[in-house]
Every structure is written in structure tokens, then in C-alpha cells.
Amino acid sequence: MTASSIFGTSSGLLHRFRVTPVDVTDLLDVAAELLPRLATPGLRLRLVRRSGAGTVLHLEEDEREEQIPLLDLADDMSRAGVPATPAGIATALRTFVARRPVTDAAAARGGIAVLDWTDDAQTAVGWTVVVVRGDLALPWAPSPAARALELHRTRSAATGRSHDVALDMRVEGPLALWSHRTVPVLATSALVAPELMLHRIVTAGLSTSDVHVVVTPHRPVVCAAPGVARRLAGQTGESSVTLPWRRVVDLPWL
């Protein structure tokens, strides 16, 4: 994961020239104060001071464990344009911890089934499990120790939770749009029950016998007649996948 994807990118070339680098000593001071408040009984956050090699931030949660030198983390923050103030560093550090990998146990406890891209070229979508932390939805990559039965149980439970995700649905002309107010990728959770989607669409007054869905992960889901759906997909500059509503439940798991 790049620094920009963790902390956000600085706005504009001139701003990047003007930004003050994050000092590793300031980061150490903020981390020493903040990390004990971010830790939980299951999440252990430690600063490990290594002789002659600087300090390392060590994260451990269930089967997941990672560490990053504070010097590297300060450099990542600087490149991303994080303000070199205690408040700016603290916000970035909270984001770093929030974006830690999802554990098998966390996915089993609270995972939600959504659709996401199956390839870097963004040509196909498939089901995956995400865990929501605040306004973030983090994907779950099963650990090597996860057995087939555990994968099945976690995915089944995540599919069940998708039924309970509160989504907004509105009709705009020939389109029905499904969205989530704070976590955009959760819009696709509605697709675990396409029959219920179709029922709500018809109830809202959008009558069609052959609904297609336009799926752009991390964007609202669009439902429309086949011709309208294809035209919409062709007009937008974003990658998307257009499918008959009946095919959605048969998409593969990532």
C-alpha cells in the first residue's frame, strides 16, 4: 500500500514543495502518547527501540503481525503531505492503524459481503468480505491458516449481514440508484438479494421486466432496463460492469 493510499495525497505540486517534512522525533512523541489509546485487548501496538537502527512500530492482532520503522513512516507521511504538526501526525497515525490488515477473526465477527474488482484492469467484479472501521471498509484477505470450512462460514455470515445494511434508494427517471451515506462500497451489499432490490424498484414506480445492474465498486449501484444500462455504462469515463440482475448472485468470491 502506497503512502498516498493510506494518508491521502497532497493537493497540487506547489503545495508539495511547500510542505514541511514530518520529523521522526515528533512522530515518536505523538506515537508514544497516542498508541496506548488506540490499542485494544486484541490489538497490540508497541514501539520497539532498536540499538543503532531506530524505533519500529509493531502491530499485532490475532494472526496478523507487521512492523514499520518510524523513519519510513515519517517519510511516507511527508510524501503524502501530512501536516507536520502534532494534530496532523496524530490524524495520520490513526489512519495508519485503522487501515491495518483485517484478521480472520474480525472478518468472521463483522464481515460484510460486497462486490469489488477481481483484476487490476477493472474488467470483472466478484464477491469479497470487508470489515468497516469508521468510514473505511477494509478488504479481508484470508490468512494461509484459514481452512475451507472457516472461509465458507465467514462468507456465509458476511452475506447474511449484507441484508441488514441500511442503504438509500432513489429513482431518477429510468434509473434506480442504491448508495450508502458514508461507506460507498457498501452500496453493492444490496446485490446479495437482487429479488428484494427488484421488488423495491417496482414498488418505487420503476417498472421493467429485465433489470440490469451497472456495478462500479465504491460508487452507487445503478439498476435500469438493458438499453439504458448499456448507454449509461458507455457514457461514463469510469470502468464498470453491466450484468442481468439474475447473474449477480453467481459471481465468484475473490
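Do we find that residue 49 is assigned by TED's automatic domain parsing to the domain that holds residue 179 and among the basic types (Lys, Arg) in this structure?
No; evaluated as a whole, the condition is false for this residue.
On the given criteria, is residue 140 hydrophobic (A, V, I, L, M, F, W, C), farther than 30 Å from residue 58 by Cβ and surrounded by 19 or more Cβ atoms within 10 Å (Cβ to Cβ)?
no
How many residues does the range 169-196 hold that are β-branched (Val, Ile, Thr) and not in a helix (DSSP H, G or I)?
Total meeting the criteria: 3.
Look at residue 55 and say whether it is assigned to a loop (DSSP other than H, G, I, E, B) and either over 30 Å from residue 194 (Cα atoms) or assigned by TED's automatic domain parsing to the domain that holds residue 162 (or both).
It is false that residue 55 is assigned to a loop (DSSP other than H, G, I, E, B) and either over 30 Å from residue 194 (Cα atoms) or assigned by TED's automatic domain parsing to the domain that holds residue 162 (or both).
Can you confirm whether residue 221 is in contact with a strand residue (DSSP E or B) (Cβ under 9 Å, 6 or more places away or on another chain), of a type in the set (Val, Ile, Thr), surrounded by 12 or more Cβ atoms within 10 Å (Cβ to Cβ) and closer than 18 Å to residue 118 by Cβ?
yes
Exactly one of (1) in contact (Cβ under 8 Å) with a residue 24 or more places away in the chain; (2) more than 25 Å from residue 232 (Cβ to Cβ); (3) exposed (fewer than 12 other Cβ atoms within 10 Å of the Cβ) is unmet by residue 123. Its number?
Failing condition for residue 123: (2).
When you go through (1) out of contact with any Phe, Trp or Tyr (no Cβ under 9 Å at 6 or more places or on another chain); (2) within 28 Å of residue 166 (Cα to Cα); (3) not in a loop (DSSP other than H, G, I, E, B) one by one for residue 40, which number turns out not to apply?
For residue 40, the failing item is (3).
List every residue pair whose Cβ atoms sit under 6 Å apart, with the two residues 6 or more apart in sequence or on different chains, where the first one lies in the range 65-91 and is under 13 Å from residue 20 (Cα atoms) and the second, anywhere, is hydroxyl-bearing (Ser, Thr, Tyr) and assigned to a helix (DSSP H, G or I).
Partner pairs satisfying both residue conditions: 80/4.
Run down 141, 137, 157, 166 and say which single residue is in contact (Cβ under 8 Å) with a residue 40 or more places away in the chain and either farther than 30 Å from residue 65 by Cα or in a helix (DSSP H, G or I) (or both).
Every option except 157 fails the conditions.
From the set of residues in the range 197-213 that are part of a helix (DSSP H, G or I) and among the β-branched types (Val, Ile, Thr), which is surrounded by the fewest Cβ atoms within 10 Å (Cβ to Cβ)?
Checked the range 197-213; the qualifying residue surrounded by the fewest Cβ atoms within 10 Å (Cβ to Cβ) is 203.
Could you count how many residues in the range 26-40 are free of Cβ contacts under 8 Å to residues at least 12 places away in the same chain and over 24 Å from the mean Cα position of the chain (by Cα)?
The qualifying residues number 2.
Residue 249 passes all but one of (1) more than 30 Å from residue 109 (Cβ to Cβ); (2) assigned to a helix (DSSP H, G or I); (3) within 25 Å of the chain's Cα centre (by Cα); which number fails?
Against the list (1) more than 30 Å from residue 109 (Cβ to Cβ); (2) assigned to a helix (DSSP H, G or I); (3) within 25 Å of the chain's Cα centre (by Cα), residue 249 comes up short only on (1).
Check off (1) in a helix (DSSP H, G or I); (2) crowded, with 18+ Cβ neighbours inside 10 Å; (3) over 20 Å from the mean Cα position of the chain (by Cα) for residue 227 and give me the number that stays unchecked.
If we test residue 227 against (1) in a helix (DSSP H, G or I); (2) crowded, with 18+ Cβ neighbours inside 10 Å; (3) over 20 Å from the mean Cα position of the chain (by Cα), just (2) comes out false.
Being surrounded by fewer than 16 Cβ atoms within 10 Å (Cβ to Cβ), in contact (Cβ under 8 Å) with a residue 24 or more places away in the chain and either out of contact with any strand residue (DSSP E or B) (no Cβ under 9 Å at 6 or more places or on another chain) or not assigned by TED's automatic domain parsing to the domain that holds residue 166 (or both) is the requirement here; does residue 94 meet it?
Here the answer is yes, as residue 94 does meet what is asked.
The values are calculated or read from the model by the stated rules, or taken from the named source; none is laboratory data. Note that this is a predicted model, so its numbers are computed, not measured. FYI the Cβ positions are ideal-geometry reconstructions off the backbone, even for glycines, and counts take in every protein chain you see.
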